[in-house]
Every structure is written in structure tokens, then in C-alpha cells.
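A quick write-up on the structure given underneath.
Laboratory data are not the source of any read-out in this text; all were calculated from the coordinates shown. Small disclaimer: the values here were computed from a predicted structure and weren't measured. All Cβ positions, even for glycine, are placed from backbone atoms using ideal geometry, and neighbour counts span all protein chains on display.
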Amino acid sequence: MMRSKRGAGLLEVMFGLFMIGIAGIVFSTSFPPAFRTLSQASENTNAALLAQKKMEQIRGLDYASLTYANLTSSGILDSLPGPSGYTFTIVDSVATTLPSGAGTMTITTESGALKRVVVSVDWTAVNQVQRNLTVTTLVADTTPWVN
């Protein structure tokens, strides 16, 4: 007479739990790097958005308006320049958008009718590495020549 088997034995249940535990460990070790990568991507995106916003504000101005007085009065730059050029850390809340974030801008005259604008966003990444995103543009004086 043959008995029918009803359910699983203790050994089979323990083996199943062991396999589920191993799978859980494998998946749980992959989450911290994934979250770190996601955070770094978010920081890079935020830095790019800040720099792009600042460049769009500059592109909306004419050549003669690229002075410290005009840029601060229009809310593009902070009211006090920083040690490495003009800043927009406070105006655009860079320090709250990015960890230890700071935004700087330098404007140099390339020739009589051409200015170079460099926008830089610096921050400390999740893994405590200093990161930087820099965008550069040239602005030309488009006022007509008068003879």
C-alpha cells in the first residue's frame, strides 16, 4: 500500500527558505550602488538645469548689459561678488538644490566686440567627490557700425 505525500517536508522547506534568503542578499547588495547612481544622475541633471537657466538669462541680454551692475539689478547675479568671480549661489538657491553647491560666472572681453561668458556649477557629490559643470558662450556686440 502506497501512501500519498501531503505537503513538503522540513528539509524541503528549509532549503526553500535558504534559496529565498540567498536571492534576497543578492538583490539587496545591488540597491545601494543603484541609489548612488540615481542620486549622481539627479545631481548632474540639476547642475545642468542651473547652468542652462543662467545661460538663457545671459542670452536674453544685449552686449552692453553684460555688466555687474546690470546683472545684479536684474537678479541674475548675487549682490556680492565671490572670490572666484561673480556668483549666483543665493539668487538661484544653488546650495539648496545641490549638496554644498555654488554657482559662479566670469565675463571676459575677447575682443572689442566679443565677450566670453563662463558659467560654472560646483558641488560635492554623494560619494564626497567634488564635481563641476561648466558652460561657455560668446556674446557679440550687434549694434550697427556708424561711419
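Here are some notes:
- Mean residue ellipticity (222 nm) of the chain, computed from DSSP H runs ≥ 4 via -39,500 (n - 2.57), nearest 500: -14000 deg cm²/dmol
- Fewest-first sequence of Ile22, Ile107 by Cβ atoms within 10 Å of each Cβ: Ile22, Ile107
- Among the listed values [x] 60, 15, 11; [y] 54, 20, 10; [z] 25, 17, 14, the one matching semi-axes √(5λ) of the Cα gyration tensor in Å as calculated from this structure is [x].
- Listing Val91, Val118 from fewest to most neighbouring C-beta atoms within 10 Å gives Val118, Val91.
- Highest-MSF residue in the chain out of Gly85, Gly21, Gly103 [GNM, Cα springs under 10 Å]: Gly21
- Between helix 10-59 and the chain there is an angle of about 10 degrees, using the helix long axis and the longest principal axis of the Cα atoms.
- Contact order normalised by residue count of the range 10-140, Cα under 8 Å, 6+ apart, percent: 20 percent
- The range 26-43 and the range 91-147: distance between their alpha carbon centers, rounded to Å: 30 Å
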